[in-house]
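Written out below as structure tokens is the structure these notes cover.
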Amino acid sequence: MFDERVCNDAEVEDTWDDRVARFWETADDEDAPAVLAAMKLLVDERPAGDPEALFEWASAHDFLGHESEAIPLYRRALEAGLPDERHFQAQIQLASSLRNVGEFEQAIDILRGRPDDPVTGAAGSAFLALAFLNSGRAGAAVGTALTALAPTLPMYGRAVAEYANDWRSLRGLPPIVEDAPGSDDGTEDDGLDDDDDDDSDAGHVIFSLDVLSLHAIPALSGLSSLSPNIHPRDNFQYRVHHESFTESNWSLRADRVEATLTAALDTLEATQVDLAALHHPDVFVRAFFTFGSGAETIHAEALQRLAKFNATLWIDA
């Protein structure tokens with residue numbers, strides 16, 4: 001027997017969101033007039049200034065490659081107060097459109113520090129990595145992409161997450177020097193930078209001190225180990241110290257660099273490792289700095305202590 005209630009329920013359930021979803025299932029970017037006409041009908045069903053209608057209208061323009069028209073519409077939709085699902089999408093789509101029109105820094109500002117969400121997952125990190133790459137910061141792009149990738153890996157996820165902060169280590173020896181500054185941790189610039197350089201990575205420092213060896217060094221057994229087989233040439237990999245920070249004032253940054261090096265070398269010295277063991281030809285002691293743009297200072301006393309422990313200093317700047 002035909003149940004009229006079923007028919008009525010089906011009609012009630014055909015919401016505006018349902019009609020929008022059907023629009024996107026059939027939208028053809030090669031027929032721009034039809035796309036805009038169909039979406040305009042849907043937009044006109046909502047009150048003027050409705051944030052969700054503004055978002056869909058922006059998305060239709062974006063879909064057709066009209067980013068310049070889409071960008072102000074996305075901004076209006078966000079300012080009007082989108083619900084979470086479309087809010088997350090609008091942030092990413094606005095940033096992507098800005099990237100496509102060459103506004104890389106604006107795209108980075110929107111996406112930097114933005115957490116993953118249940119709607120878009122790690123898509124924000126993917127678009128942030130692209131914006132970093134377009135802006136010439138390959139190191140920050142790789143670090144961002146690896147950070148997003150690490151939790152999805154069935155194996156070696158911890159190692160990849162660790163190397164996201166020190167990404168050039170994945171390249172082995174010697175370091176690659178032609179790429180841009182290293183990974184970024186999302187820390188905002190506090191405006192105290194005395195340098196004229198306005199690069200958003202300026203003032204960011206990443207440091208690690210590691211001992212890589214073909215044989216075990218018992219005195220270092222109390223240190224944490226790096227994940228095995230990242231550098232196949234080294235069977236034993238000891239992490240002495242790892243630290244990252246941002247300090248935009250060059251003088252304070254020099255003091256912090258000095259303190260970081262001192263703490264790392266104090267840790268190594270506290271193991272009471274025989275210096276001869278560190279000078280063995282099968283052992284490589286690596287002090288690795290990644291700096292943002294601008295000049296940096298490392299004092300002579302710190303360099304002398306590094307030499308004492310046979311440490312090779314790598315600098316990515």
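The values are calculated or read from the model by the stated rules, or taken from the named source; none is laboratory data. Quantities reported herein were computed from a predicted structural model and do not represent experimental measurements. Note that each Cβ is placed from the backbone with ideal geometry, even for glycine, and that neighbours are counted across all protein chains shown.
Find all pairs meeting these conditions: Cβ atoms under 6 angstrom apart; at least six residues apart or on different chains; first residue within the stretch 50-75 and crowded, with 20+ Cβ neighbours inside 10 Å; second residue of a type in the set (Phe, Trp, Tyr).
These pairs meet every condition: Ala58/Tyr74; Leu73/Trp57.
Take the residues of the stretch 271-306 that are of a type in the set (Gly, Ala, Ser) and within 26 Å of Glu247 (Cβ to Cβ): which is surrounded by the fewest Cβ atoms within 10 Å (Cβ to Cβ)?
Looking only at the stretch 271-306, we keep the residues that are of a type in the set (Gly, Ala, Ser), and these are 276-277, 287, 292-295, 300, 302.
Cutting the leftovers down to within 26 Å of Glu247 (Cβ to Cβ) gives us 287, 292-295, 300, 302.
Working: Ala287: 25, Gly292: 28, Ser293: 17, Gly294: 19, Ala295: 10, Ala300: 7, Ala302: 20.
If we take residues in the stretch 271-306 being of a type in the set (Gly, Ala, Ser) and within 26 Å of Glu247 (Cβ to Cβ), then Ala300 is surrounded by the fewest Cβ atoms within 10 Å (Cβ to Cβ).
Could you say which residue among Glu30, Glu69, Glu4, Glu11 is closer than 21 Å to Ala90 by Cβ and either at pLDDT 95 or above or not hydrophobic (A, V, I, L, M, F, W, C) (or both)?
Values: Glu30 fails: closer than 21 Å to Ala90 by Cβ; Glu4 fails: closer than 21 Å to Ala90 by Cβ; Glu11 fails: closer than 21 Å to Ala90 by Cβ.
Residue meeting the stated conditions: Glu69.
Regarding Asp234, is this residue touching a Phe, Trp or Tyr at 6+ places or on another chain (Cβ under 9 Å), at pLDDT below 85, assigned to a loop (DSSP other than H, G, I, E, B) and in the same structural domain as Ala277 (by TED's automatic domain parsing)?
It is true that Asp234 is touching a Phe, Trp or Tyr at 6+ places or on another chain (Cβ under 9 Å), at pLDDT below 85, assigned to a loop (DSSP other than H, G, I, E, B) and in the same structural domain as Ala277 (by TED's automatic domain parsing).
Can you tell me which residue within the stretch 95-129, out of those that are among the charged types (D, E, K, R) and assigned to a helix (DSSP H, G or I), is nearest to the chain's Cα centre (by Cα)?
Checking each candidate, the answer is Asp109.
For the stretch 252-265, name all the residues that are small (Gly, Ala, Ser) and without any contact (Cβ under 8 Å) to a residue 40 or more places away in the chain.
Those that are small (Gly, Ala, Ser) and without any contact (Cβ under 8 Å) to a residue 40 or more places away in the chain: Ala259, Ala263.
What are the residues in the stretch 210-224 that are among the aliphatic types (A, V, I, L, M), closer than 12 Å to Leu278 by Cα and touching a Phe, Trp or Tyr at 6+ places or on another chain (Cβ under 9 Å), if any? Don't jump to the end; show me each part of the working.
Our first condition is that a residue be among the aliphatic types (A, V, I, L, M); within the stretch 210-224, this holds for 211-212, 214, 216-217, 219-220, 223.
Retained after the next criterion (residues that are closer than 12 Å to Leu278 by Cα): 211-212, 214, 216-217, 219-220.
Passing the criteria: Val211, Leu212, Leu214, Ala216, Ile217, Leu220.
Scanning for something surrounded by 15 or more Cβ atoms within 10 Å (Cβ to Cβ), modelled with pLDDT under 85, within 27 Å of the chain's Cα centre (by Cα) and of a type in the set (Ser, Thr, Tyr), does the stretch 255-266 turn up at least one residue?
No: zero hits.
Check Phe127, Phe88, Phe104 and return the single one that is in contact with a strand residue (DSSP E or B) (Cβ under 6 Å, 6 or more places away or on another chain) and on the phi < 0 side of the Ramachandran plot. Show your work before the answer.
Details: Phe127 fails: in contact with a strand residue (DSSP E or B) (Cβ under 6 Å, 6 or more places away or on another chain); Phe104 fails: in contact with a strand residue (DSSP E or B) (Cβ under 6 Å, 6 or more places away or on another chain).
Residue meeting the stated conditions: Phe88.
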